[in-house]
Amino acid sequence: MAGKIETRLSELGVTLPEAVAPAANYVPFVRQGSTLYVSGQISMDAGGLIQGRLGAGMSVEEGAAAARICAINLLSQVKAACDGDLDRLVRVVKLTGFVSSASEFSDQPKVINGASDFLVDVLGEAGRHARSAIGVAALPLGVAVEVEGIFEIA
């Protein structure tokens, strides 16, 4: 039987992918007490990498959609860390979003809203969080967005 969070995801038409294994010498998440630190999740879905650069051919709307995918991938890691029981997620504490940006691009917060808005849609008040939105010259594999998160879990 699906839990409350999985039911809400289903209502939104979202199926969480399997949590992706790390591509280098790090772990996908670390639990310290009730705090869960999830490594950065890149903009990648079943269709592959979502690549691009904001302010250089990629629109804010496309960037926000890529950030939403990052948030979905974060929830996949949270689910894996909670042994498949996503309802152990108590709240989102903080997101840090990295946006591949041209030097003149300054709408990084609007891009990372794609992740923030999605988590609030899924979790309500428990999805509200502290946040940083940072523009960078490049991200791994040429992706447009990467988001890492800190979560409280039971």
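The values are calculated or read from the model by the stated rules, or taken from the named source; none is laboratory data. Fair warning: this is a prediction, and the values are worked out from it, not measured in the lab. Because the Cβ atoms are built from the backbone with ideal geometry, glycine has one as well, and the counts that use them run over all protein chains shown.
You will find that of Ser43, Ser106, the residue that is in contact with an Asp or Glu (Cβ under 8 Å, 6 or more places away or on another chain) and modelled with pLDDT of 95 or more is Ser43 and no other.
Sub-7 Å Cβ pairs linking a first residue in the stretch 17-28 that is farther than 22 Å from Ala46 by Cβ and in contact (Cβ under 8 Å) with a residue 40 or more places away in the chain to a second residue that is among the hydrophobic types (A, V, I, L, M, F, W, C) and surrounded by 10 or more Cβ atoms within 10 Å (Cβ to Cβ), at least 6 apart or interchain, number zero.
Considering only residues in the stretch 103-137 that are within 14 Å of the chain's Cα centre (by Cα) and of a type in the set (Lys, Arg), the one that is farthest from Arg53 (Cα to Cα) turns out to be Arg128. Entry remark, the stretch 100-123: residues being within 24 Å of Leu9 (Cβ to Cβ) and among the small types (Gly, Ala, Ser) number 3 in total. Of all the criteria given as (1) farther than 22 Å from Ala19 by Cα; (2) touching a Lys or Arg at 6+ places or on another chain (Cβ under 6 Å); (3) of a type outside the set (S, T, N, Q), the one not satisfied by Glu152 is (1). Residues that are out of contact with any Lys or Arg (no Cβ under 7 Å at 6 or more places or on another chain), surrounded by fewer than 17 Cβ atoms within 10 Å (Cβ to Cβ) and either in a helix (DSSP H, G or I) or of a type in the set (Asp, Glu) (or both) within the stretch 117-149 comprise Asp117, Asp121, Gly124, Glu125, Pro140, Leu141, Gly142, listed in sequence order.
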